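The values are calculated or read from the model by the stated rules, or taken from the named source; none is laboratory data. Note that the structure is predicted; figures quoted are calculated from it, not measured. Neighbour counts run over all protein chains shown; Cβ positions are idealised from the backbone, glycine included.
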Amino acid sequence: MAFLSFSNVKFAGVAAAVPKIVKEIKDLSFFSPGEADKVIALTHIERSRMVPKGMCCSDLCYEAAEQLIERLQWNKQDIGALIYVSLSRDYLTPHTSALLQDKLGLSKECYAIDVPLACSGYVYGLSVIAGLMQNGGIKKGLLLVGETTSQLQSPLDKTIWPLHGDGGTATALEFNEGASPMLFHFATDGSRGDAIINLDGGMRHPITEESMRMIEVEPGIIRNRTQSVLDGMNVFGFSIKEPPASIKSLTEYYDFSLDDIDYLILHQANKYMDDKIGKKLKVPADKIPFSLMQYGNTSSASIPITMVVGIGEKLSLEDADVVICGFGSGLSWGSAYIKLDHIICLPLIELD
């Protein structure tokens, strides 16, 4: 079983950035009369944000990081690790974290890697950076997590385009002897990897002329082979089974009760699924914050965006014990128990 515990690492702050362009579900042309209302009623996603041409996920993460570093009054030369978690990379090579190290003006003595994960990525990324920092060799670290799903999906696919939004985030961590341990549980099921997949564009199926041909799969679903395919029923079954089981395993292994936590922060897949998870775990609804109504499913960025827009003011003013859980493509999922101590939580940043 993949249980991990990391001590001496303090969660210092979080910031999130989104583009200013708003995508309204009710305005999407592929919906027949009443369809948009049904989608909104089921998912509670009313709108999301979308990057303009020329803006990348790394631009959103960069702005979140710059403002968070300034607010924390960190010396950039003290930042020893930068982890970039995203499928939305600037180039095949070099890795985006290297470009961000330079753009942010960090020391060349900086550990910088990319982690290509989607909806589970925030929890996985947090474990990676906490593991790097727990022994004190790295005193300050940045976890940059985001996705620009609008660049990965077909705007003519009504099964996936209405649900997702773009966003980038920055989380700051500090080595702090005596900081409460971060506790993790992880799991993976690659046998269901095709439940969420972009078929062409990797080394298995390189892009060809045929890859770019738009195909009408069925009415309301038009996409090419480079764009995301979502098996909705498979993902739904997975999402209401595995995440609550992971959280339950976490509580049992580390011997704590969900009755004692302040918040359960779930990946913002859709409200119906997250409500199901909350009910399975018997967590009161007022302990489960949301951001998806206004920002949609922002993939790996959804947990930190929910911290910022859902409970940011509270996290800035008081201590909080939180459980977070991310789940999605891979299939991959993970949960974590974290003690937050008056963290810096910046207001949401919007970029033109």
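Just name the residue that is surrounded by the fewest Cβ atoms within 10 Å (Cβ to Cβ) out of those in region 123-141 that are of a type in the set (Gly, Ala, Ser) and either under 22 Å from residue 324 (Cα atoms) or touching a Ser or Thr at 6+ places or on another chain (Cβ under 6 Å) (or both).
Kept after step one, since they are of a type in the set (Gly, Ala, Ser), are these residues of region 123-141: 125, 127, 130-131, 136-137, 141.
Those left that are additionally either under 22 Å from residue 324 (Cα atoms) or touching a Ser or Thr at 6+ places or on another chain (Cβ under 6 Å) (or both): 125, 127, 130-131, 141.
Numbers: 125: 24, 127: 21, 130: 26, 131: 14, 141: 25.
So, considering only residues that are of a type in the set (Gly, Ala, Ser) and either under 22 Å from residue 324 (Cα atoms) or touching a Ser or Thr at 6+ places or on another chain (Cβ under 6 Å) (or both), the one surrounded by the fewest Cβ atoms within 10 Å (Cβ to Cβ) is 131.
What pairs come up if the first residue lies in region 309-330 and is over 17 Å from residue 268 (Cβ atoms), the second is charged (D, E, K, R) and in a strand (DSSP E or B), and their beta carbons are under 8 Å apart, counting only those six or more places apart or on different chains?
319/339; 320/339; 321/339
Under the condition of being of a type in the set (Gly, Ala, Ser) and surrounded by fewer than 19 Cβ atoms within 10 Å (Cβ to Cβ), which residue from region 147-201 is nearest to residue 251 (Cα to Cα)?
At the first step, the residues of region 147-201 found to be of a type in the set (Gly, Ala, Ser) are 150, 154, 165, 167-168, 170, 172, 178-180, 187, 190-191, 193, 195, 201.
Of the ones still in play, those that are also surrounded by fewer than 19 Cβ atoms within 10 Å (Cβ to Cβ) are 178, 180, 190-191, 193, 201.
Details: 178: 22, 180: 16, 190: 25, 191: 27, 193: 27, 201: 40 Å.
By that ranking, first place goes to 180.
Of the residues 132, 104, which single one is among the aliphatic types (A, V, I, L, M), modelled with pLDDT of 95 or more, over 17 Å from the mean Cα position of the chain (by Cα) and over 29 Å from residue 337 (Cβ atoms)?
When all the criteria are applied, what remains is 104.
Looking for whichever is surrounded by fewer than 19 Cβ atoms within 10 Å (Cβ to Cβ), touching a residue at least 24 places away in the same chain (Cβ under 8 Å) and under 30 Å from residue 219 (Cα atoms) here; the options are 52, 33. Which one fits? Outline the logic, then answer.
Details: 33 fails: touching a residue at least 24 places away in the same chain (Cβ under 8 Å).
Sole residue among the options that is surrounded by fewer than 19 Cβ atoms within 10 Å (Cβ to Cβ), touching a residue at least 24 places away in the same chain (Cβ under 8 Å) and under 30 Å from residue 219 (Cα atoms): 52.
If you take the residues of region 162-182 that are out of contact with any strand residue (DSSP E or B) (no Cβ under 6 Å at 6 or more places or on another chain) and under 19 Å from residue 134 (Cα atoms), which of them is modelled with the lowest pLDDT? So that I can check it myself, show each step before the final result.
Step one: filter region 162-182 for residues out of contact with any strand residue (DSSP E or B) (no Cβ under 6 Å at 6 or more places or on another chain), giving 162, 175, 177-178.
Among the residues that remain, those that are also under 19 Å from residue 134 (Cα atoms) are: 175, 177-178.
Numbers: 175: 99, 177: 96, 178: 92.
Within region 162-182, the match that is modelled with the lowest pLDDT is 178.
Residue 211 passes all but one of (1) in contact with a Lys or Arg (Cβ under 6 Å, 6 or more places away or on another chain); (2) modelled with pLDDT under 95; which number fails?
Unmet for residue 211, out of (1) in contact with a Lys or Arg (Cβ under 6 Å, 6 or more places away or on another chain); (2) modelled with pLDDT under 95: (2).
Pull out all pairs, ordered by first then second residue, where Cβ-Cβ is under 6 Å, the residues are six or more apart or on different chains, the first lies in region 201-224 and is touching a residue at least 12 places away in the same chain (Cβ under 8 Å), and the second is assigned to a strand (DSSP E or B) and not basic (Lys, Arg).
Note: pairs meeting the criteria are 214/222; 221/157; 222/216; 223/157.
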